[in-house]
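Each remark here refers to the structure printed beneath this line.
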């Protein structure tokens, strides 16, 4: 592992005389970290879970997939999640190039039982999962930021600092990196690579009194394209609505006014949202912006560690896959850790399986994300027919049914074949869409960090 001499010296001089010990140390108390901590503690292992902030803490990413429901059941928290959630049965697509709106339901997928999920405040969901890990036996500490991780043949030494300044240190047989976009180990190993196929930034805020869809569709997520990206519209159970714009870099480069004013100007480019927000009030008068740089690490595993969820890779949130992929990686990760600790001869195979799993989900969702600016894909989303059961295949993917062995992959391959066929039939339009995508993702050299301009 690489580490600057200065940081090594500082952490060594400030470390306590003795280290606490544990079987597994998990860094990060979000969905991935809390899930794997609960699962490993339930196995009877000594697990330490460290979270740098205090729950409840703000986090974006409120939309869940039907695939999450089974995971909540296995963790024993489904009832708690249901109490804080707004039922979500499908998706609304809104295109500036079409007069109608497209509505699809998860129940139209291959497995009809994956018919719903919830929209949730992430601060509430993450706290439920964190408290559950503690209830299952993990030592769960908040306000504890990891400063240094050093591996050796027997495990790792992890040094951290509490927010009151106290220094603590652990000896762990295994380390799990669930730090999300902080990417603790990927940064330390310098194995994080920016995804050249996608580059965007999100502006977002929460509104009261936004006009929602009616009846059963009230809790559905709306995805609204506009000339410089796409919007999400996510209704929450407390009456507020999360609204965000995922924008291309060139558009953010044009900002010459305060962030809130720029956000409202951006909303004005989407007539549907203008109508829905005409009587709405921005909660706390707050608008946030965050770098949405897609990235991936060269590897997700080592002899004594795993990277889960966004700590390994991050993709555009268009299809709300983040929490599901993070939690699923934690379930598979718990099995891999058990083999590393109990049956080390089997760990090499477990690592290979885990690496393949970590790439599968982002790869399948990214195929669609990369093509959202292409008019062919918009036509297929706005007119979702079901020849060769392609709609069922698509909805299975969007429901998160990608690891359960459901036999929809042939239908999804047919969807892609139809896409290529239609694209070939309209070469000029396809070329224009491809060129627009290349122009959109170009790096403008404007955003220097993972988070920018939280508010003005």
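Every number here is computed from the coordinates shown, using simple stated rules; none is lab data. Predicted model, so just to flag it, every value in this text is computed and none were measured. So basically every Cβ, Gly included, is an ideal-geometry build from the backbone, and we count neighbours across all protein chains shown.
In nm, to one decimal, how far is the modelled label at residue 353 from the one at residue 83, with both set 7 Å along Cα→Cβ?
Distance between label points: 3.6 nm.
Find the relative contact order for region 349-412 and round it to a whole percent, using C-alpha pairs within less than 8 Å whose residues are 6+ positions apart.
Details: 23 pairs, mean separation 16.3, N = 64.
For region 349-412, the relative contact order is 25 percent.
Where does helix 31-42 land angle-wise versus the long Cα axis of the chain, in degrees 0 to 90, nearest 10?
Approximately 40 degrees, to the nearest 10.
If the viscosity is 1.567 mPa s and the temperature 4 °C, what translational diffusion coefficient in µm²/s does Stokes-Einstein give for region 202-243 when Rh comes from Kirkwood over Cα pairs?
119 µm²/s
Ranked by Cβ crowding within 10 angstrom, fewest neighbours first, how are 290, 313, 183 ordered?
Listed from fewest to most nearby Cβ atoms, that is 290, 183, 313.
Between residue 418 and residue 150, 0.36 nm times their residue separation minus their Cα-Cα distance comes to what?
Residue separation times 0.36 nm, minus the Cα-Cα distance, leaves 91.5 nm.
Contact order normalised by length for region 75-143, with contacts defined as Cα pairs under 8 Å and 6 or more residues apart; what percent is it?
After rounding, I find 32 percent.
Can you compute the modelled spin-label distance between residue 268 and residue 181, with each label point 7 Å from Cα toward Cβ, in nm?
If labels sit at residue 268 and residue 181, their model points lie 2.7 nm apart.
Just to be sure I understand the curve: with the Debye formula and one point per C-alpha of the chain, what is log10 I(q)/I(0) at q = 0.09, 0.10 Å⁻¹?
-0.60, -0.74
Kirkwood Rh, Cα Rg: Rg to Rh for region 167-217?
On the way: Rg = 20.0 Å, Rh = 16.4 Å.
Ratio of gyration radius to Kirkwood radius: 1.22.
Between 0 and 90 degrees, rounded to the nearest ten: what's the tilt of helix 409-425 against the longest Cα principal axis of the chain?
50 degrees
How far is helix 347-369 tilted, in degrees, relative to the longest principal axis of the Cα atoms in the chain, given as a value from 0 to 90 rounded to the nearest 10?
It works out to around 20 degrees.
For Cα pairs less than 8 Å apart in space and 6+ apart in sequence, what is the mean separation divided by the residue count of region 231-326, i.e. the relative contact order in percent?
Contact order relative to length: 16 percent.
Could you list 163, 126, 182 in order of exposure, starting from the residue whose Cβ has the fewest other Cβ atoms within 10 Å? Mind dumping the intermediate values first?
Values: 163 12, 126 25, 182 18.
Ascending number of Cβ neighbours within 10 Å: 163, 182, 126.
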